[in-house]
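Here the structure is laid out as structure tokens; the discussion comes afterwards.
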Amino acid sequence: MAALSEQVVDRSMARAIPLSVHVDLTMRCNELCVHCYRVVEDRPELTTTEVKALLADLARAGTLYLTFSGGEIFLRPDLFELIAEAKRLRFDVRLKSNALLITTERAQRLRDLGVRQVDVSIYSVDPAVHDGVTKIPGSLERSLAAIGRLQAAGVRVKINCPLMRTTVGGYREVLGLAERLGVPCGIDPMITARNDGDTSTAPLRIGRADLQRVLRDPVLNPDPL
């Protein structure tokens, strides 16, 4: 299977096919994360019709993997309509969400539509630390409850754990949480400047010593640097 995947990637690159595309459906969000690189811009979002036209263009271009992200995608009232259109066009659909708005009914709908995976960011197993990042009290509890709803509905979940100075000390606990839940977990040390060039998020980045410790952690890297 790995060899087949490599062949697909190699052929798509040779033919300039955008095999995987990430689409931000909105800049709006119901969390206020301290490290967020998105700035709400003074311009309208793409309409439902415009997004569908984009999806049609991507389908003609040969795109296979499609990720819907934001902002928080569940703030778009047309989200399920857009997912349904993406599936009609035979995309492999993945979502990135904080999951605060995922109800039992919405989790079931995602399964019925055939969404492959929902990525949910968990910054710490300590509510004070996680909620300190999102600036929304109770957000850890709500995100974990939504992960349970997704799993109960049969939707694959992945936990993403961005690393910052305030969270790096607890990433192993997040890995342990993911293991207990039976879901994969990604660790990401990349904190970027905001999309308007504001670099105020840069001090949140972990230092060199912590980065080396993470990269050499045998739990994450069987063959550490």
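The values are calculated or read from the model by the stated rules, or taken from the named source; none is laboratory data. Just so we're clear, the structure is a prediction, and the values are computed from it rather than from any experiment. Here the Cβ is made from the backbone with ideal geometry for all residues, glycine too, and neighbour counts use every protein chain on show. Surface accessibility is based on the protein's heavy atoms, side chains included, excluding ligands, DNA and RNA. Shrake-Rupley method; radii C 1.70, N 1.55, O 1.52, S 1.80 Å.
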Checklist line | Solvent accessible area, Å² - GLU50, 1.4 Å probe, full protein context | finding: 90
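Taking Cα pairs under 8 Å and at least six residues apart, what relative contact order does the range 94-225 come out at, in percent?
Working: 193 pairs, mean separation 28.4, N = 132.
Normalised by residue count, the contact order of the range 94-225 is 22 percent.
Got the relative contact order for the chain handy, in percent, Cα pairs under 8 Å and 6 or more residues apart?
On the way: 353 pairs, mean separation 39.4, N = 225.
RCO, the chain: 18 percent.
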Notebook entry, point to check: Rounded, prolate or oblate: which fits the range 133-225, taking a ≥ b ≥ c as square roots of the Cα gyration tensor eigenvalues, rounded meaning a/c under 1.5, else prolate when a/b beats b/c?
Noted result: oblate
Next item on the list: For SER121, SER20, write out the residues from largest to smallest accessible area, computed with a 1.4 angstrom probe and no ligands counted.
Entry: SER20, SER121
Next item on the list: Assuming a ≥ b ≥ c are the square roots of the Cα gyration tensor eigenvalues, decide whether the range 51-142 counts as rounded (a/c under 1.5), prolate (otherwise, with a/b larger than b/c) or oblate.
Entry: prolate
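So, with a 1.4 angstrom probe, what is the percent of accessible area on the range 30-184 that is carbon and sulfur?
Details: 3790 of 7280 Å².
Here carbon and sulfur together make up 52 percent of the probe-accessible area.
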Note to self: Check which residues have an amide H placed less than 5 Å from SER124's amide H, if you skip close sequence neighbours.
What the structure shows: HIS130
Notebook entry, point to check: What's the angle, to the nearest 10 degrees (0 to 90), between helix 2-14's Cα axis and the longest principal axis of the chain?
Noted result: 60
Notebook entry, point to check: Rolling a 1.4 angstrom probe over the protein heavy atoms, how many square angstrom per residue are accessible across the chain?
Noted result: 54
Notebook entry, point to check: So how many Lys-Lys pairs in the chain land under 19 Å Cα to Cα, not counting same-chain pairs under 8 apart?
Noted result: 5
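Viscosity 1.306 mPa s, temperature 10 °C: Stokes-Einstein D of the range 123-165 from its Kirkwood Cα radius, in µm² per second? Each step should come with its number before you reach the end.
Details: Rh = 11.1 Å.
Reported coefficient: 143 µm²/s.
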Margin query: Can you show me the helix-derived [θ] at 222 nm for the chain, built from DSSP H runs with n ≥ 4 at -39,500 (n - 2.57) apiece and divided by the number of residues, rounded to the nearest 500.
Written below: -12000 deg cm²/dmol
Next item on the list: Would you work out which of ASN160, ALA86, LEU150 lies farthest towards the positive end of the dipole of the range 55-174? Charges go on Cβ: Lys and Arg +1, Asp and Glu -1.
Entry: ALA86
Note to self: Which of the three applies to the range 90-130, rounded, prolate or oblate, going by the alpha-carbon gyration tensor with a ≥ b ≥ c and a/c under 1.5 meaning rounded?
What the structure shows: oblate
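Where does the charge balance sit around SER121 when Lys and Arg score +1, Asp and Glu -1, over other residues with C-beta under 13 Å from its C-beta?
On the way: positive: LYS96, ARG142, LYS158; negative: GLU31, GLU72, ASP119, ASP131, ASP188.
Value of the local net charge: -2.
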Margin query: Ratio of alpha-carbon Rg to the 2.2 N^0.38 Å globular estimate for the chain, to two decimals, please.
Written below: 1.06
